[in-house]
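Take a look at the structure below.
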Amino acid sequence: MMETETKPSRVPVAVRVALWCVLIVAAAATILYSMRVRSAAEADLSSEIAASHVETHRFQDNVVVFTDKIVPAGHPFNALLQDLGMAPELAARAVASAQSVFDLRHLRAGNQLSVGRTVMGELREIRYRIDADRVLHITPAAASASGGDAHAEFHAEVQTIPSETATKGVAGEVHGSLFGAVIDAGERPELAMRLADIFGWDLDFYTDPRPGDTFRVVVEKKILANGETSSYGKILMAEYNNGPRTYRAVLFHDPTGAPAYYTPDGHSMKKAFLHSPLKFQAVITSHFSNARFHPILKEYRPHLGIDYAAPTGTPVQTIGEGRVIWAGPKGGAGNLIEIQHTNGYTTYYMHLSRILIHNGEHVAQGETIGLVGMTGLATGPHLDFRIQKGKDFVNFERLPLPPSDPISKRDMTAFAEARDSADAIMPPLSAAHNTPAVASNNAVATPFPAPTSSSPAN
């Protein structure tokens, strides 16, 4: 028998044409999709590049980098600007603009000058810190299209630095001196000076402070936006604990209306004399004596005063109001100041390095009259201080100091209100922070309008 061979069936032409069409359409769709994706990616990339350019220009135009310089003594403003990289012509234009609102002869050594430029080096502003409350602000007002900074005109104004006035409580402990204790409490040295003035009639801050003493104070503070204390206002209440004794002072006014400090029960803190001719810590090297061995003359003789050892240049203050009857050199006393007081006393300040007042001048209590030195018969820098009642020298360390008038009955109610209001803000010694009552001070641009017969021996 013969076998029959089977031939494979062929795909119809129509079917093949249809398959090819499907493949072509799919390929076209794939290509179109790919082109769309690529176009979208290119658009995104272009958008990102454009945004990057915008951000770069914004950074270049708006980010200002400041270069700072502390003003040295005797350096003119023009030269300072040139030191900070400004061309002489540009610096001269800035100076001319500034001079119209601030007298540049009043530059203070130690203040800060800043010049701000963009990251591309274009000048944006100049700032000079005039004082704690004001800043001189200079900015380019216009520049020529071709010359840039070189032909810039400037606008200058004096601005008030934004600040807040806060009534705050401050507390601290003395480890060495009141000066150091105030700084350790995060405050400025000015506050220590103010406290020394308040308690100067009762405490000698050269000799009385001891480790463990504490102080508390309620004070008005001017605080800048960055938290820095720029200055102090009124001290409403103060307290100093000196060993077992506590001294407290409340701000009120005296019978003439002038500010004055009183004890909480209304007695005046002010006395006829301050407790010391110096404000802060010094060692008494020689006390009042009728028979002291003189270190230079090598003999026993009366020493009718008190020797305070202090560095040359330490300020000396008058202990009471009076008139200068001698200011100049006098034998072994060296540079000497004699002051006659209205209550029959005369005070002597000896061996000074400098005298800051003159004969016949009226001086106020606490006024700086000279500087400690070692002129005349002296083995080292010190102040020899003496006080005379009539014709007799008296021991100042044992002299009772009579107070001024107390609060009148008429004013006692108002005084009690002021005392209690301040006492409510007085912090405990453990307090690190206190919530202040705040009053704002916003920034404002302001214009600037252009010898005697008797002489004590050393």
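Worth pointing out:
- Scanning the stretch 302-309 for residues that are part of a loop (DSSP other than H, G, I, E, B), closer than 19 Å to ASP204 by Cα, at pLDDT below 95 and open to solvent by less than 60 Å² (accessible area, probe 1.4 Å) turns up at least one hit.
- Within the stretch 174-188, the set of residues being in contact with a helix residue (DSSP H, G or I) (Cβ under 6 Å, 6 or more places away or on another chain) and either surrounded by fewer than 17 Cβ atoms within 10 Å (Cβ to Cβ) or closer than 25 Å to LEU399 by Cβ (or both) comprises LEU178 only.
- Complete set of residues in the stretch 207-225 that are farther than 18 Å from HIS275 by Cβ and more than 13 Å from the chain's Cα centre (by Cα): PRO211, GLY212, THR214, ARG216, VAL217, VAL218, VAL219, GLU220, ALA225
- All conditions but one from (1) open to solvent by 60 Å² or more (accessible area, probe 1.4 Å); (2) under 16 Å from GLU220 (Cβ atoms) apply to HIS155; the one that does not is (2).
- Within the stretch 387-417, the set of residues being part of a strand (DSSP E or B) and at pLDDT below 85 comprises just one member, PRO403.
Residues are listed down the side, and each one gets a yes or a no for (1) within 30 Å of TYR128 (Cβ to Cβ); (2) among the hydrophobic types (A, V, I, L, M, F, W, C):
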residue	(1), (2)
LYS168	yes, no
ILE183	yes, yes
ARG188	yes, no
VAL218	no, yes
GLU228	yes, no
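- Against the conditions (1) at pLDDT below 95; (2) surrounded by 13 or more Cβ atoms within 10 Å (Cβ to Cβ); (3) farther than 26 Å from GLU220 by Cβ, ILE425 satisfies every one except (3).
- Residue pairs meeting the criteria (Cβ under 7 Å; at least 6 apart or on separate chains; first open to solvent by 70 Å² or more (accessible area, probe 1.4 Å), in the stretch 74-93; second modelled with pLDDT under 90 and aliphatic (A, V, I, L, M)): GLU89/ALA150; ARG93/ALA152
- Cβ pairs under 7 Å, 6+ apart, first in the stretch 261-278 and within 19 Å of MET193 (Cβ to Cβ) and open to solvent by less than 10 Å² (accessible area, probe 1.4 Å), second outside any loop (DSSP other than H, G, I, E, B) and of a type in the set (A, V, I, L, M): MET269/ILE198; MET269/ALA249; PRO277/VAL316; PRO277/LEU383; LEU278/VAL316; LEU278/LEU383
Rundown of residues vs (1) open to solvent by 10 Å² or more (accessible area, probe 1.4 Å); (2) out of contact with any His (no Cβ under 8 Å at 6 or more places or on another chain); (3) in a loop (DSSP other than H, G, I, E, B); (4) of a type outside the set (Phe, Trp, Tyr), yes/no style:
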residue: ASP197; (1), (2), (3), (4): yes, yes, no, yes
residue: TRP201; (1), (2), (3), (4): yes, no, yes, no
residue: PRO211; (1), (2), (3), (4): yes, no, yes, yes
residue: VAL217; (1), (2), (3), (4): no, yes, no, yes
residue: SER230; (1), (2), (3), (4): no, yes, no, yes
residue: LEU236; (1), (2), (3), (4): yes, yes, no, yes
residue: TYR240; (1), (2), (3), (4): no, yes, no, no
residue: ARG248; (1), (2), (3), (4): yes, yes, no, yes
residue: LEU251; (1), (2), (3), (4): yes, yes, no, yes
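The values are calculated or read from the model by the stated rules, or taken from the named source; none is laboratory data. Bear in mind that the values here come from a model prediction, so they are computed numbers and not experimental data. Because the Cβ atoms are built from the backbone with ideal geometry, glycine has one as well, and the counts that use them run over all protein chains shown. Protein only, heavy atoms only, side chains kept; ligands, DNA and RNA dropped before computing areas. Shrake-Rupley method; radii C 1.70, N 1.55, O 1.52, S 1.80 Å.
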